[in-house]
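Undergrad: Structure in C-alpha cells, see below.
The values are calculated or read from the model by the stated rules, or taken from the named source; none is laboratory data. Here the structure is a predicted model, which is why all the values come from computation and not from measurement. Note that each Cβ is placed from the backbone with ideal geometry, even for glycine, and that neighbours are counted across all protein chains shown.
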Amino acid sequence: MRRSKSDPKLFTFDKLVDYFRSVIKEFPDKRIGNNTRYSIEDAAAGAFSVFFTQSPSFLAFQKAMQEKKGKNNAQTLFGMH
C-alpha cells in the first residue's frame, strides 16, 4: 500500500532533521564570551551531518560542494547558517 505525502507516518529525511533541530533548540546554552558565533542548533546539526556525509573533512566537503554547485548540504539539508 502506497502512502501519500501528507501521511503523518511517512518518514522523510527532512522530518528527521526538523525533529532533531527542534529537540536541540530546547538545550540550554550556557556559553559566554566570544564562543557564541554559532547556535547550539547549528553546532549539533554540524556534528550530525558529519555522520551523514561520511567525509573525513566536513568543512572541506561543504566548501568544495559550494564552489562546484553553488550550494552545500549544510545549508540545504541541515538548515545551518
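Undergrad: So LYS71 ticks every box in (1) part of a loop (DSSP other than H, G, I, E, B); (2) at pLDDT below 75; (3) surrounded by 10 or more Cβ atoms within 10 Å (Cβ to Cβ) but one. Which box is left unticked?
TA: (2)
Undergrad: Moving on to the next point. Restricting attention to the range 6-42, which residues are surrounded by 15 or more Cβ atoms within 10 Å (Cβ to Cβ) and out of contact with any helix residue (DSSP H, G or I) (no Cβ under 8 Å at 6 or more places or on another chain)? Step through it out loud before you land on a result.
TA: Of all residues in the range 6-42, those surrounded by 15 or more Cβ atoms within 10 Å (Cβ to Cβ) come to 17, 20-21, 24, 39-42.
SER39, ASP42 - these are the residues of the range 6-42 that are surrounded by 15 or more Cβ atoms within 10 Å (Cβ to Cβ) and out of contact with any helix residue (DSSP H, G or I) (no Cβ under 8 Å at 6 or more places or on another chain).
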